[in-house]
Amino acid sequence: MKILFIGGTGNISTRSSLRCIALGMDLSLLTRGQRDVSIAGAKVIVGDINQFDIQQQLRQQQWDVVVNWIAFNQQDVERDIALFKTNCKQYIYISSASCYQKPLTSPFVTESTPLYNPFWQYSRDKIAGEDALIKAYRQHDFPMTIVRPSLTYDTVVPLPFGAWTHYNHIKRLQQGKPIIVQGDGTSLFTITHASDFAKGLVGLLGLQQAIGHAVHITSDESLSWDQINLAVAQAVGVKANILHIPSDFICHIEPDYTGTLLGDKSHSVIFDNSKIKQFVPEFCATTPFARGIKDTLAWFTEKQERQQFDQKIEDKIEHIVQAYQKAFTPFA
């Protein structure tokens, strides 16, 4: 199979690129070359998907599958539909499980759970991208598949405060500072290692039965946010000084967290993975978070420059902590 990844060297996509190569696929990566990642065996096209010369180069080739890892909105998707409408047998759009409405009306998330997120523009843009693809499929037979990951990690720390590509959360743990956990820490969430996600994603490549479908790919492991944070602290080798703060309070003090909290991580989310297992029977998530996060932290510690500390983010965290302690400590 001749595969094109638009992206392919990021936190979520690198493992899928490596799996494609391991399975002997003919993989090309369109990348701007900004990441220090090398995928041996892959063909590399250096450039931007929005450049005219790059688009012309892609139009001149026939692709069995195109996966866009970095399409974020309707405009990105409509550009791709125009670009690949005659030379692609399957187009896969990486959407997001944050598109599902929350709180849930059923204990489990399935692909039929409504898509609705009034809190997070990121999710609304992803939904708009999905809508454009569904329209193209219904009206023009565009061969699309939609994939929805949920909080997938490898080279990021999957926590909402001072984490992801930043090292603030880890520094706070090491220094014994309060670690914010939204709500009372008991809501459940699903975090997926990129190596597990890759099993499902690569299994969908070229799969005719998946055309026209949306499918999420997640771990079956559901952990409370307290358990998640304690696992990170254990991987660091320290005790976590957890401070539970209501999400509404956090978003009132620092509104920038509204999307990721009220639109996603404040609610219990348990995924029903029956559909991906039907499409890809060999799919099985085998990396528990307690083990995967150790590998992630080892990756961070390999190079000092990966341990990025952002003072502006730290100031926001301290603002929330101090405001909460000032408001509620007298009543303790």
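The values are calculated or read from the model by the stated rules, or taken from the named source; none is laboratory data. Everything numeric here is computed off the predicted structure, so don't read it as measured data. Neighbour counts are summed over all protein chains in view; Cβ atoms, including those assigned to glycine, are modelled from backbone coordinates with ideal geometry.
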Just one of R148, R138 is in the same structural domain as K85 (by TED's automatic domain parsing), of a type in the set (K, R) and more than 20 Å from V67 (Cβ to Cβ); which is it? R138
Condition check for V321: surrounded by 15 or more Cβ atoms within 10 Å (Cβ to Cβ) and either modelled with pLDDT under 95 or more than 26 Å from S16 (Cβ to Cβ) (or both): yes
As an exercise: evaluate T296 against (1) part of a helix (DSSP H, G or I); (2) out of contact with any Asp or Glu (no Cβ under 9 Å at 6 or more places or on another chain); (3) crowded, with 20+ Cβ neighbours inside 10 Å; (4) of a type in the set (V, I, T) and give the number of the one condition it does not meet. (2)
Between a residue in region 78-90 that is within 24 Å of D125 (Cα to Cα) and any residue that is in a loop (DSSP other than H, G, I, E, B) and not polar (S, T, N, Q), which pairs come within a Cβ distance under 6 Å, given they are 6 or more apart or on different chains? I81/F142; Q90/P143
Taking only region 296-332 into account, find how many residues are among the acidic types (D, E) and in contact with a helix residue (DSSP H, G or I) (Cβ under 9 Å, 6 or more places away or on another chain). 2
